[in-house]
Amino acid sequence: MPRIITITAQYIGNADEMFEAALDLDEMRDAMAEIAQYDGLPSGKVKQGQTITVDVTMLGMMKTKGHVMYVETLDRKNRILQSRERNPDVKRWDHTLTIEQDDDFVLWTDRIVLDAGMTTWIAAFFCRYVYTHRHKVRKARKITRNIQKSVS
């Protein structure tokens, strides 16, 4: 059964500037440098309709070849980025990133719908760890995390 992983991080700053930073693949590479290497990841900002295929090595030992990321939606006005991702071990990794201004704070939410078959439950915990790590590196003030079963 698929799982929905939701991570919300609170920052001080400007939501528009933070969203532009979120679109930068170099920023993601830097935020993940301690735990992941991406072979084949281009530099620069993502574009709507872009498909990126990378080999990912997590924690220096778990290698996934052929992780495909398709940028389905990039809505700067509403600060929404949505990708459809998959790889040989994960048939569904739908990631929706939203950034909202809340007075002096910025709320960055990552919502991932994950289906990895029989290993979904453990993949969900690993997914939660990965996105939490990214926000810690980015120096989030507060991070909330949740995993729930999907109804579909």
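Observations, loosely collected:
- One residue stands out in segment 1-13 among those that are outside any loop (DSSP other than H, G, I, E, B), open to solvent by less than 40 Å² (accessible area, probe 1.4 Å) and of a type outside the set (S, T, N, Q): the one that is nearest to Lys149 (Cα to Cα), namely Ile4.
- Checking each residue in segment 114-125 for being open to solvent by 10 Å² or more (accessible area, probe 1.4 Å) and in a helix (DSSP H, G or I) picks out Gly117, Met118, Thr119, Trp121, Ile122, Ala123, Phe125.
- Exactly one residue out of Arg128, Arg84, Arg111 is in contact with a Lys or Arg (Cβ under 6 Å, 6 or more places away or on another chain) and open to solvent by 50 Å² or more (accessible area, probe 1.4 Å): that is Arg128.
- Set Glu100, Glu34: member being in contact (Cβ under 8 Å) with a residue 12 or more places away in the chain, under 14 Å from Arg134 (Cα atoms), open to solvent by 80 Å² or more (accessible area, probe 1.4 Å) and not aromatic (Phe, Trp, Tyr): Glu34
- Just one of the listed residues (Asp26, Asp16, Asp55) is assigned to a helix (DSSP H, G or I) and either more than 18 Å from Arg134 (Cα to Cα) or of a type in the set (A, V, I, L, M, F, W, C) (or both), namely Asp16.
- Taking segment 56-71 as the range and being open to solvent by 30 Å² or more (accessible area, probe 1.4 Å) and either under 23 Å from Glu34 (Cβ atoms) or more than 14 Å from the chain's Cα centre (by Cα) (or both) as the test, the residues that pass are Leu59, Gly60, Met61, Met62, Lys63, Thr64, Lys65.
- Residue among Arg92, Arg76 that alone is in contact (Cβ under 8 Å) with a residue 24 or more places away in the chain and either under 23 Å from Gln10 (Cα atoms) or among the hydroxyl-bearing types (Ser, Thr, Tyr) (or both): Arg76
- Condition check for Gln37: in a strand (DSSP E or B) and under 24 Å from Asn146 (Cα atoms): no
The values are calculated or read from the model by the stated rules, or taken from the named source; none is laboratory data. Worth saying up front: this structure is predicted, and the values here are computed from it rather than measured. Positions of Cβ are generated from backbone atoms using ideal geometry, with glycine treated the same way; all protein chains shown enter the neighbour counts. All accessible areas refer to the heavy atoms of the entire protein, side chains included, with ligands and DNA or RNA removed. Shrake-Rupley method; radii C 1.70, N 1.55, O 1.52, S 1.80 Å.
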